[in-house]
Amino acid sequence: MSKKLVFSGVQPTGNLHLGNYLGALKSFVSLQKKMDCLYCVVDLHAITTFQDPKELNSNILETTAAFLASGLDAKKSIIFNQSSVSGHAELAWILNCVCRVGWLNRMTQFKDKAGKDKEKASVGLYIYPNLMAADILLYKATHVPVGADQKQHLELSRDIAQKFNNDFKVDNFFPLPEPLIQKNISRIMSLRDGTKKMSKSEDSDYSRINLKDSADEIVKKIKKAKTDTDPITDNIKDYEKRPEALNLLSIYSELSEQEIQKTITEFAGKNFSFFKNQLSEKLVETISPIGSNIAKLLNDKKHLEDVLKKGTEKAYIIAEENLKKIREIVGFV
Ligand code: AQP
């Protein structure tokens with residue numbers, strides 16, 4: 001049995017939003033109380049689509065600030081950036097040789113992100129899931145908190161780990177990592193279209209609540225959030241064809257740490273403008289302190305760089321120890 005170890009990462013690709021917070025960061029924070037955790041700013045993943053170098057540099061520090069502002073403690077968790085531990089890229093290459101082309105061809109995120117022009121997508125974007133498997137397996141992590149959008153990649157990581165163990169006849173060398181996905185709301189949807197996930201790269205800023213949004217911006221965005229003309233009812237089945245309404249009610253439930261049924265019972269018969277006021281209040285209460293902490297932390301870049309440096313030193317030790325064994329298993333001299 002492998003020791004329980006948590007690994008997860010966030011791409012430094014711009015404004016972190018409510019989806020990143022409720023889908024990932026919030027559980028990062030509660031897990032650090034119970035298990036050893038590594039949390040990584042995955043900058044190698046970010047460059048699978050072109051990043052302006054100056055922006056990337058500042059986004060790495062901003063993502064680090066968002067980790068800390070959300071409640072991660074650099075004394076409890078290892079916080080570092082991916083490119084500073086070269087073992088991620090080394091193991092990714094080995095896993096590129098374990099993973100099958102057919103497995104990658106099934107990945108829906110590549111299809112979504114590459115769009116119609118997949119011939120023009122970077123090779124990095126295509127093999128992104130193998131790098132993600134390397135991130136996790138480099139530390140022999142056993143648990144990976146992610147949003148539901150990453151479930152397929154996690155399943156691929158398990159298949160790769162299993163094939164490596166079988167091919168090299170090293171039973172249980174790599175543990176099969178378990179996804180930890182939020183039960184109540186695993187995917188926060190866009191405020192403009194309840195069928196699309198909330199995302200940093202969506203053009204309209206009105207589609208998401210950014211962690212850095214001011215209280216006024218949050219209120220304005222929720223006011224403008226798409227709903228429908230039906231009233232709030234207390235039968236969950238009524239929301240099957242009302243994705244925008246369900247999304248807002250689910251966000252409220254998650255922020256209140258209560259089941260969706262309790263929320264719809266509470267608001268049944270009320271109109272959306274009343275509900276939206278209550279939701280805005282909850283959001284401001286949770287998000288505004290994080291936003292102001294991010295701003296404060298960004299005033300001391302040296303501190304953020306120090307956090308990453310210290311985290312890198314700790315991550316490097318675990319990675320090197322595992323890599324030494326991996327190189328031996330593969331047969332490198
Ligand atoms: N809408 C979401 N709902 C729930 N969880 C989400 N996550 C992202 N969006 C949602 C989770 O946040 C973690 C970090 O994600 P990421 O930034 O590394 O990559 P992503 O999933 O590609 O996020 P975005 O916002 O959609 O970024 P872009 O637009 O740059 O591609 C992951 O655990 C993810 O599941």
TODO: In whole Hz, with x marking every Gly and Pro, tabulate ³J(HN,Hα) for region 18-28 from phi via Karplus 6.51 cos²θ - 1.76 cosθ + 1.60, θ = phi - 60°.
DONE: 4, x, 4, 5, 6, x, 9, 4, 4, 6, 3
Task: Whole-number Å³ per residue for the convex hull built on Cα positions in the chain - done: 146
Open item on the list: Please give the Cα centre distance for region 49-88 versus region 266-333, rounded to the nearest Å.
Closed with: 8
Open item on the list: Quick check: residue separation of Ser30 and Glu55 times 0.36 nm, minus the Cα distance between them. What number comes out in nm?
Closed with: 6.0 nm
- [ ] Considering the convex hull of the alpha carbon atoms of region 108-189, report its projected area averaged over all viewing directions, in nm², one decimal.
- [x] 6.4
- [ ] Sorted from largest down, give the three principal axis spans of the alpha carbons of region 227-297, whole angstrom values.
- [x] 44, 22, 19
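Based on the alpha-carbon gyration tensor of region 190-333, what equivalent-ellipsoid semi-axes (square roots of 5 times the eigenvalues) come out, in whole Å, largest first?
They are 41, 22, 14 Å, listed largest first.
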TODO: Taking the Cα centre of region 178-333 as origin, work out the dipole magnitude from +1 charges on Lys and Arg Cβ and -1 charges on Asp and Glu Cβ, in debye rounded to 20.
DONE: 320
Task: region 143-157 - phi-based ³J(HN,Hα) in whole Hz, Karplus 6.51/-1.76/1.60, Gly and Pro as x - done: 9, 10, x, 8, x, 4, 5, 9, 4, 5, 5, 5, 5, 5, 4
TODO: Round to the nearest 0.05 the FRET efficiency obtained for Lys116 and Lys262 when R0 = 45 Å and r is the Cβ-Cβ distance.
DONE: 0.55
TODO: Evaluate 2.2 N^0.38 Å with N set to the residue count of region 65-218, then give the Cα radius of gyration divided by it.
DONE: 1.18
Open item on the list: With 20 Å as the cut-off, how large is the P(r) tail for region 7-65, expressed as percent of Cα-Cα pairs?
Closed with: 27
TODO: Which order do the peptides 310-321, 224-235, 108-119 take when ranked by the mean count of other beta-carbon atoms within 10 Å per residue, highest first?
DONE: 310-321, 224-235, 108-119
TODO: May I ask which residue of Gly291, Ile260, Ala245 lies farthest towards the positive end of the charge dipole of region 222-333, with charges of +1 (Lys, Arg) and -1 (Asp, Glu) on Cβ and the Cα centre as origin?
DONE: Gly291
Open item on the list: Sort Asp149, Asp306 by Cβ crowding within 10 Å, fewest neighbours at the top.
Closed with: Asp306, Asp149
Task: Rg in Å to one decimal, and Dmax rounded to a whole Å, for region 158-225 via C-alpha atoms - done: 19.9, 59
- [ ] For region 1-148, build the convex hull from the C-alpha positions and give me its volume per residue in Å³.
- [x] 126
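Read-outs: derived from the displayed coordinates by stated rules, not from any lab. Nothing here was measured: the structure is a model prediction, and the numbers come from that model. Every residue, glycine as well, gets a Cβ built from its backbone with ideal geometry; the counts of neighbours run over all protein chains shown.
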